[in-house]
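The values are calculated or read from the model by the stated rules, or taken from the named source; none is laboratory data. Here the structure is a predicted model, which means the values were calculated and not measured. Please note: Cβ atoms are built from the backbone with ideal geometry, for glycine as well, and neighbour counts cover all protein chains shown.
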Amino acid sequence: MNESVIDIGMYITYGLLAVAALAAILASIFQMVGNFRKAIPALIGIAVLVIIVLISYSTSTSEAYENASPAVSQWVGGGIKATIALIGLALVSAVFTEVYKYFR
């Protein structure tokens, strides 16, 4: 098969992916504007995630490792800390839910 045909197919795929992502984002925004009261829990969840990432980023060190700049090292460290925090939060939430269901 000719490489130009594959390239054209990939560009079309990228374009359709961008259109789908834009449509999903715009539909979510219009839904939030239309039903703001129902969107409040989702916005609180997004705010909590942003706070966790910001705290993780600010507490990580910016030591430069092998091929990474200090900024990249700090983002990677922040991502690892945020992942650990979210896994811990999920485990605590699961245990709390099970204990709550047991005593209910």
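The residues of the stretch 45-82 that are exposed (fewer than 13 other Cβ atoms within 10 Å of the Cβ) and under 14 Å from the mean Cα position of the chain (by Cα), listed by number, are G45, I46, A47, V48, L49, V50, I51, L54, I80. When you check I44 against the structure, is it closer than 30 Å to I29 by Cα and either in contact with a Leu (Cβ under 7 Å, 6 or more places away or on another chain) or in the same structural domain as I29 (by TED's automatic domain parsing) (or both), yes or no? Against the criterion (closer than 30 Å to I29 by Cα and either in contact with a Leu (Cβ under 7 Å, 6 or more places away or on another chain) or in the same structural domain as I29 (by TED's automatic domain parsing) (or both)), I44 does not qualify. Close contacts from the stretch 81-104, counting a first residue that is closer than 23 Å to Y57 by Cα and a second that is outside any helix (DSSP H, G or I) and among the hydroxyl-bearing types (S, T, Y), with Cβ to Cβ under 9 Å and a gap of 6+ residues or different chains, come to K81/S60.
Could you give every pair whose Cβ atoms fall below 9 Å, whose first residue belongs to the stretch 1-23 and is assigned to a helix (DSSP H, G or I), and whose second residue is modelled with pLDDT of 95 or more, counting only separations of at least 6 or pairs across chains? No pair meets every condition.
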